[in-house]
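Structure first, then comments.
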Amino acid sequence: MTDKLNELTAAGVAVWLDDLSRVRLSSGGLDQLRREKHVAGVTTNPTIFAKALSDADEYNWQLRDLATRDVDVEEAVRMLTTYDVRWACDVMRPSYDGSAGVDGRVSIEVDPRSAHDADKTVAEAKALWWLVDRPNLFIKIPATEEGLSAIADTLAEGISVNVTLIFGLDRYSAVMEAFLAGLERAKANGHDLSTIGSVASFFVSRVDSEVDKRLEKIGSDEAKALKGKAAVANAQLAYERYTEVFSSDRWKALEAAGAHPQRPLWASTSTKNPDYRDVIYVEELIAPGTVNTMPESVIHAYADHGETRGDTVTGSYDAARKVFADLESVGVDMADVIATLEREGVEKFEVSWQELLDGVTKSLKAAAKGKGAPNKAAEGNAKAAAKAGGA
């Protein structure tokens, strides 16, 4: 059988998993995906952690310890999540070493409630970098206006960054500017640029969801004919900007000093509309030097029936611009679409963060009352992780 994920990798797309849980770690499932499905990185977010901590008793032993120490819920959340991310970094270390530090990365996000506070974001990025203490970590920082300076400041400290919640082209250009400025400052600060990594997470399917909703409301035949086209066009034009920035003299000076480019990462790649092909946001966004982070279901779907048709992005720019012109002509305000998505993106992560805090609060109370019964299997997994460097 054809190894479709290997074909995708050979076309220049790094396959990353958009999920993490302690069950996935303790079962060896993540390592299996790395070895058998070409998974070369992991992304997380507050929603993923909220689900992971609510679904398994693998956390009981640590919750008991945290309750015994009488830690507050904020610290408990960080201890639980950084434990998993540290373990995942160790699992992905072969990919990191084998790619000279480009892949094998695992992301953890700053508190989304600080998305509009640059100083708090930088302070938390530094704390998380110290807590996890692995070279293949990415700190996720939302690409809000306030987040831009935090991105540059964090990179200047020699800390690797995954810039998240990018929806629009102008904001993406600002993110790349922050990346270049941060690396220039890191170099001036004496950091080894070859050890600093970054990706820019450009969200895909959510664009179609919002635009399609507006097209349906407009209701004309011309409008409905544009459904399912905005997200791919948006990402294709983002890649055009990426190629321009990373062929500039400014970038070449950094590259000569050992820097790696900030790769575009296609995020939110599961299809929300069942009428669309389930791997459309993978097949239509194949280009050299990109990352596609997928839920496990999309990884398996691509392995089963994905089609790698070579570069499907380069050369598509004029067609993508026509899609934008057509959207404008039927009355879709893309600037408002992007502003709406960014606002909702931060709000959704804030809600998930609160759900995470509430869930851990409940678990800590149960553990303090002795209801978090010992889980010998989980404790055994903890010892195994510690032996492997994951604790």
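The values are calculated or read from the model by the stated rules, or taken from the named source; none is laboratory data. None of these values were measured; they are calculated from a predicted model. Heads up, the Cβs are rebuilt from the backbone with ideal geometry, glycines too, and the neighbour counts pull from every protein chain shown. Each accessible area value is taken on the protein alone, full model and side chains, heavy atoms only, with ligands, DNA and RNA left out. Shrake-Rupley method; radii C 1.70, N 1.55, O 1.52, S 1.80 Å.
Between residue 145 and residue 32, the modelled labels are 4.8 nm apart [label points 7 Å from Cα along Cα→Cβ].
Each residue of region 231-239 is assigned a 3J(HN,Hα), and the resulting list reads 5, 5, 4, 4, 5, 4, 6, 5, 5 Hz, derived from the Karplus form 6.51 cos²θ - 1.76 cosθ + 1.60 (θ = phi - 60°), x at Gly and Pro. Rounded, prolate or oblate: pick one for region 63-119, where a ≥ b ≥ c are the square roots of the eigenvalues of its C-alpha gyration tensor, a/c under 1.5 means rounded, and failing that, prolate if a/b is larger than b/c, else oblate. It is oblate, given that a/c is not under 1.5 and a/b is not larger than b/c. Across the chain, Cα-Cα pairs more than 30 Å apart make up 40 percent of the total. Let a ≥ b ≥ c be the square roots of the eigenvalues of the Cα gyration tensor of region 1-47; is it rounded (a/c under 1.5), or, if not, prolate (a/b larger than b/c) or oblate? Since a/c reaches 1.5 but b/c is at least a/b, the shape of region 1-47 is classed as oblate. In plain terms, the chain from residue 51 to residue 126 could stretch by 24.4 nm, reckoned as 0.36 nm per residue minus the Cα-Cα distance. For region 173-298, the number of Lys pairs separated by eight or more positions or lying on different chains, with C-alpha atoms closer than 30 Å, is 11.
Counting pairs of alpha carbon atoms under 8 Å apart in space and at least six apart in sequence, what relative contact order in percent does the chain give?
That works out to 24 percent.
If a spin label sat at a point 7 angstrom from the Cα of residue 249 along the line to its beta carbon, no backbone N atom of region 147-191 would be nearer than 11 Å. Taking Cα atoms only, the orientation of helix 296-305 departs from the longest principal axis of the chain by about 50 degrees.
Just from its helices, what would the mean residue ellipticity at 222 nm be for the chain, if runs of 4 or more DSSP H residues each count -39500 (n - 2.57) and the sum is divided by every residue, rounded to the nearest 500 deg cm²/dmol? Calculated from helices alone, the mean residue ellipticity at 222 nm is -18000 deg cm²/dmol.
Semi-axes of the equivalent ellipsoid for region 197-326, computed as √(5λ) from the eigenvalues of its C-alpha gyration tensor and ordered from largest down, come to 28, 19, 12 Å. Extent of region 148-201 along its three principal axes (Cα atoms, max minus min coordinate, largest first): 33, 15, 14 Å. Shape analysis of region 167-273 yields a ratio of the Cα radius of gyration to the Kirkwood radius, Rg/Rh, of 1.13.
Amide hydrogen proximity for residue 265: with H placed 1.01 Å from N in the peptide plane, the residues at 5 or more positions away or on another chain lying under 5 Å are 200, 201, 202, 291. For region 40-155, the fraction of C-alpha pairs farther apart than 23 angstrom is 34 percent. Per-residue 3J(HN,Hα) values for region 197-209, derived from phi via the Karplus relation 6.51 cos²θ - 1.76 cosθ + 1.60 with θ = phi - 60°, read x, 7, 10, 10, 7, 9, 7, 10, 4, 4, 5, 4, 4 Hz in sequence order (x marks Gly and Pro). Roughly to the nearest percent, how much of the accessible area of the chain is carbon and sulfur, given a 1.4 Å probe? On the chain, the fraction of accessible area on carbon and sulfur atoms equals 50 percent. Residues in region 274-293, backbone N under 19 Å from the label point at residue 6 (7 Å along the Cα-to-beta-carbon vector): list them, ranges by number please. Zone members listed by number: none at all.
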